[in-house]
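Report on the structure given below.
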Amino acid sequence: MTSLSELPIRDDLRGRSPYGAPQRPVPVALNVNENTHPVPEDVAADIVARVAAAVGGVNRYPDREFTELREAFARYLGHGLTADQIWAANGSNEVLQHILQAFGGPGRTLLGFAPTYSMYPLLASGTGTAYIAGTRDADYELTPETAAEQIRRHDPDIVILCSPNNPTGTPLPIATVEAAYEAARGIVVVDEAYAEFMPDGEPSALTLLSGRPRLLISRTMSKAFAFAGARVGYLAADPAVNDALRLVRLPYHLSALTQAAALGALAHSDEMLATVGQIRGQRDRLVSELGRLGYTPHRSGSNFVLFGGVEDPHATFEALAERGILIRDVGIPHHLRVTAGTEAETTAFLEALAALGRPGRAADDEQAPGRDQDAPVDSDA
């Protein structure tokens, strides 16, 4: 059997590992930042009916411009947006890939601020774009001054800001987005995959779109909408940006079934987002209880919590997995990340963690080898 190393793949892909989180059949999976609440039955029934209706026309190609869906996203986002300012694709990762295909490429650079979403450098690599890993302030914050200074120093073609940041959960000040845009000469992308989990009244970068044609706001239905399996991401930007993305998208890239399912979910957005408040409550509970257990949780504006003070992340990860609880080792020394699930799931995690004894030590005191301090961050957006 031929091995990967024997194939004539691109030199810059040799030695790389594919993206992916551990997948194990466990009772409580809190490792990939999904909304663990199921889609309400009445909403699911309507979505199924819409998909069934779409099946009747699958002998024809779908609407290449997904016009009805763009109109629905514009209504959902508000801020005076119109359909010609909306783009969509199969998950926000494909949206970001389109951006890099259109505005990145050989001889161009993408600046991110580490630690951040591990797909950014992978998407850059896949499009021949050089990735620059910028740095953050203490406690994973990113101030306007820090962002602007690095943008001016590196002069990237694309800047990407994760708001709130993954895997740290850190909220991004709107002033940082403004400063980044003023400092950049190229495209500025704000990845708002977890925007719905921010506190009420917290401004989105959508408020900055007017008069900023190089500003792009990426969103997803995977998190707050509990629609991860449907793979729907979308973007708000100047209409000219969508014209650029049309140059690189594959023909009919959004299937008729995907469009129908997304329209069904958006038609019930209030019901689909009804669990957001509960998830925020469990997130805040995690922060409180992890501190009480002796760990160091970081502030979070998303649906997960990164916590430090873990003596051996790998050993703790495995010990929890043995108890049927799957969380995430994101490669940050002495840290682990846990998704805020249902009240029952959160309770199961906290009880299992407490049963392990003092922070970072499994109940039997056996320590597995620690992760390399220089290991890359691995996380989901």
Under 9 Å between Cβ atoms, at least 6 apart or on separate chains: pull out the pairs that start in region 213-236 with a residue that is free of Cβ contacts under 8 Å to residues at least 24 places away in the same chain and end on any residue that is surrounded by 24 or more Cβ atoms within 10 Å (Cβ to Cβ) and assigned to a loop (DSSP other than H, G, I, E, B). G229/S222
Could you list, in sequence order, all residues of region 14-47 that are free of Cβ contacts under 8 Å to residues at least 12 places away in the same chain and within 27 Å of T220 (Cα to Cα)? S17, P18, G20, Q23, P25, E41, A44, A45
One residue is enough: does region 293-302 have a residue meeting the conditions open to solvent by less than 20 Å² (accessible area, probe 1.4 Å), more than 23 Å from I47 (Cβ to Cβ) and either of a type in the set (V, I, T) or over 18 Å from the mean Cα position of the chain (by Cα) (or both)? yes
So for region 128-142 (the condition being among the basic types (K, R), open to solvent by 30 Å² or more (accessible area, probe 1.4 Å) and either closer than 24 Å to R50 by Cβ or over 21 Å from the mean Cα position of the chain (by Cα) (or both)), does at least one residue qualify? no
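Could you please find all residues in region 260-277 being part of a helix (DSSP H, G or I) and open to solvent by 40 Å² or more (accessible area, probe 1.4 Å)? Reasoning before the result, please.
We begin by selecting, within region 260-277, every residue part of a helix (DSSP H, G or I); these are 260-267, 269-272, 276-277.
Within region 260-277, A267, D270, E271, G277 meet the criteria.
Conditions tested, residue by residue: (1) open to solvent by 20 Å² or more (accessible area, probe 1.4 Å); (2) among the hydroxyl-bearing types (S, T, Y); (3) under 23 Å from the mean Cα position of the chain (by Cα).
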position	(1), (2), (3)
G308	no, no, yes
E311	yes, no, no
A315	no, no, no
L326	no, no, yes
V330	no, no, yes
H335	yes, no, yes
V338	no, no, yes
E343	yes, no, yes
A352	no, no, no
Selection count, region 146-160, where residues are crowded, with 17+ Cβ neighbours inside 10 Å and in a helix (DSSP H, G or I): 5
Pair list, Cβ < 7 Å and 6+ apart or interchain, from region 78-103 residues that are touching a residue at least 24 places away in the same chain (Cβ under 8 Å) to residues that are among the basic types (K, R): I86/R70; A88/R70; N90/R231; G91/R231; S92/R219; H98/R249
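Okay, residues lined up against (1) in contact (Cβ under 8 Å) with a residue 40 or more places away in the chain; (2) closer than 26 Å to G201 by Cβ; (3) touching a Cys at 6+ places or on another chain (Cβ under 8 Å); (4) among the aromatic types (F, W, Y):
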{"site": "G112", "(1), (2), (3), (4)": "yes, no, yes, no"}
{"site": "Y117", "(1), (2), (3), (4)": "yes, yes, yes, yes"}
{"site": "S125", "(1), (2), (3), (4)": "yes, no, no, no"}
{"site": "T129", "(1), (2), (3), (4)": "no, no, no, no"}
{"site": "I151", "(1), (2), (3), (4)": "yes, no, no, no"}
Matching residues in region 175-212 (among the acidic types (D, E) and in a strand (DSSP E or B)) number 1
Restricting the first residue to region 1-13 and requiring it to be farther than 20 Å from T127 by Cα, which pairs with a second residue that is surrounded by 10 or more Cβ atoms within 10 Å (Cβ to Cβ) and aliphatic (A, V, I, L, M) meet a Cβ separation below 7 Å and a spacing of at least six or different chains? none
Here's a check for you: in region 177-206, which residue that is over 21 Å from E141 (Cα atoms) and over 20 Å from the mean Cα position of the chain (by Cα) is least open to solvent (accessible area, probe 1.4 Å)? G186
Looking at region 24-71, which of its residues are open to solvent by 50 Å² or more (accessible area, probe 1.4 Å) and among the charged types (D, E, K, R)? R24, E34, E41, D42, R50, R60, D63, R64, E68, E71
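Only one of R219, R283 is in a helix (DSSP H, G or I), surrounded by 23 or more Cβ atoms within 10 Å (Cβ to Cβ) and touching a strand residue (DSSP E or B) at 6+ places or on another chain (Cβ under 9 Å). Can you tell me which? Quick ask: steps written out before the conclusion?
On the way: R219 fails: in a helix (DSSP H, G or I).
One residue alone meets the criteria, R283.
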Can you give me the number of residues within region 161-176 that are of a type in the set (V, I, T) and either within 10 Å of T143 (Cα to Cα) or open to solvent by 10 Å² or more (accessible area, probe 1.4 Å) (or both)? 2
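Here are some residues: V51, V32. Which one is more than 20 Å from R249 (Cβ to Cβ), assigned to a loop (DSSP other than H, G, I, E, B) and β-branched (V, I, T)? Quick ask: steps written out before the conclusion?
Details: V51 fails: assigned to a loop (DSSP other than H, G, I, E, B).
Every option except V32 fails the conditions.
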Among the numbered criteria (1) within 29 Å of S17 (Cβ to Cβ); (2) among the acidic types (D, E); (3) surrounded by fewer than 17 Cβ atoms within 10 Å (Cβ to Cβ), which single criterion is violated by E94? (3)
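The values are calculated or read from the model by the stated rules, or taken from the named source; none is laboratory data. Model, not experiment: these values are computed from the prediction. All Cβ positions, even for glycine, are placed from backbone atoms using ideal geometry, and neighbour counts span all protein chains on display. Note: areas computed on protein heavy atoms with side chains; ligands, DNA, RNA excluded. Shrake-Rupley method; radii C 1.70, N 1.55, O 1.52, S 1.80 Å.
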